[in-house]
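Here is the structure we will look at.
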Amino acid sequence: MSLRTVRDVVTVGLALLAAAAPSAPAATERWFSTRLYPWVQQGLTPVSSRLPFALLDLLLTAAFVAIVVGLARAVGAARRVRRIRPLAQALRRLTVGAAAVYLLFLLLWGFNYRRVPMTERLLVDEGGPETSEVVQLGLETVKRLNALHDSAHSSGWRDAPWENAALRDAFMSVQRELSDAPAAAPRPLKRTLVGPYLRWASIDGLINPFGLEVLANPDLLPFEWPFVAAHEWAHLAGYADEAEASFVAWLACVRADVASQYSGWLALYWQISGELGAKERAEVAAALGPGPRRDLDAIVARVRRGEWPWLQSAGWRMYDRYLKANRVEEGVRSYGAVVTLLLRARFDQGWVPVRRGAGPTG
């Protein structure tokens, strides 16, 4: 057996082993999420963020060209020699390449899916919330939106979220309260060549796990930016789970300036609406003032204007499989778990979450 064959077998074997290995949240938290990952992130993100383009665009382009050229050459060789062997070799190279990419994904970011979940990190009451509790949170959300609307729009969203000192400071503070890991600094959200896909599939933002840079849908409205930015920063900080990233983002927004607070409550309104039945959703919506209602209608119009329903459906189905493959059992339904976290986690004054082993101080 040649050295190359041994290398390929080992690469694929390690990828299969990593995919099938049982979760060990405490060990992952200890050696990866609070040690290795922060070191990698703080070294890689400043570099990728300074690039005038999205590193993801370069990586996707290079991968596409490599695959197309490799397959074209294999097909040409197979025709010349009238044998299937060149195609089999190309398939082997693709398999080994995919295994290597998966291992790199895990080492750069993906192991964060296996860290200690927020429900075990914080003091969280058992059981899911009752519908009445979700309705009450929805009504409180609407109350905050109605109260904040005028002042939020008056102050406006003039600065980019990463230039907003209040939001940056709040995000750093939330990280210190949730974990002993070094905090991830907020970074600009870049535009990307996959922006049209984000628009068509109704995706607000994403993290590039291979460059640890954050990217955004180009069509976001001004009052959506603070929450979306904080959500992607939370992914950058190692919170891979969507509900946990939204939890971190919401806590950061409600402690920041008025415009960011409004953005946070607006995002929470959508999450709550998705957890309610038609009757309860109508009850909450009826309490909306004209200002927040216009903003919510603007978001709906923005999404409908750009979405391709078939692509949106296919994209979310694919993402659901991706999440489940990374051991997020609820798949895309995990987005709504932020409501449970907010209703079941215990907080000190000022929405400061209480970590396990500590008790409320106020």
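The values are calculated or read from the model by the stated rules, or taken from the named source; none is laboratory data. Everything numeric in this text was worked out from a predicted model, so none of it was measured. We place every Cβ from the backbone using ideal geometry, glycine too, and count neighbours over all the protein chains shown.
Annotations for the structure displayed:
Yes/no per residue for (1) under 25 Å from Leu193 (Cα atoms); (2) crowded, with 17+ Cβ neighbours inside 10 Å:
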position: Asp8; (1), (2): no, yes
position: Leu14; (1), (2): no, no
position: Thr28; (1), (2): no, yes
position: Ala74; (1), (2): no, yes
position: Arg80; (1), (2): no, no
position: Leu91; (1), (2): no, no
position: Val96; (1), (2): no, yes
position: Phe105; (1), (2): yes, no
position: Phe111; (1), (2): no, yes
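- Residue ID - modelled with the lowest pLDDT, chosen from residues in region 236-261 that are over 15 Å from Leu189 (Cβ atoms), of a type outside the set (D, E, K, R) and within 15 Å of the chain's Cα centre (by Cα): Ala243
For (1) of a type in the set (Gly, Ala, Ser); (2) at pLDDT below 90; (3) within 27 Å of Lys190 (Cβ to Cβ); (4) under 20 Å from the mean Cα position of the chain (by Cα), each residue gets a yes or a no:
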position	(1), (2), (3), (4)
Leu17	no, no, no, no
Ala63	yes, no, yes, no
Ala66	yes, no, yes, no
Ala72	yes, no, no, no
Arg82	no, yes, no, no
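- Lys190 assigned by TED's automatic domain parsing to the domain that holds Pro209, of a type in the set (Lys, Arg) and surrounded by 20 or more Cβ atoms within 10 Å (Cβ to Cβ): yes
- Looking at Val69, Val12, Val47, Val6, just one residue is touching a helix residue (DSSP H, G or I) at 6+ places or on another chain (Cβ under 6 Å) and either assigned by TED's automatic domain parsing to the domain that holds Pro209 or of a type in the set (A, V, I, L, M) (or both), and that residue is Val12.
- Qualifying residue in region 173-185 (condition: part of a helix (DSSP H, G or I) and more than 23 Å from Glu29 (Cα to Cα)): no
- The sole residue among Trp225, Trp157, Trp200, Trp233 that is buried (at least 20 other Cβ atoms within 10 Å of the Cβ), modelled with pLDDT under 95 and not assigned by TED's automatic domain parsing to the domain that holds Thr61 is Trp157.
- Gly264 of a type in the set (Gly, Ala, Ser), modelled with pLDDT under 95, in a helix (DSSP H, G or I) and in the same structural domain as Leu148 (by TED's automatic domain parsing): no
- Filtered by the rule that a residue be closer than 16 Å to Trp109 by Cβ and either part of a loop (DSSP other than H, G, I, E, B) or polar (S, T, N, Q) (or both), region 186-214 gives Arg187, Asn208, Pro209, Phe210, Gly211, Leu212.
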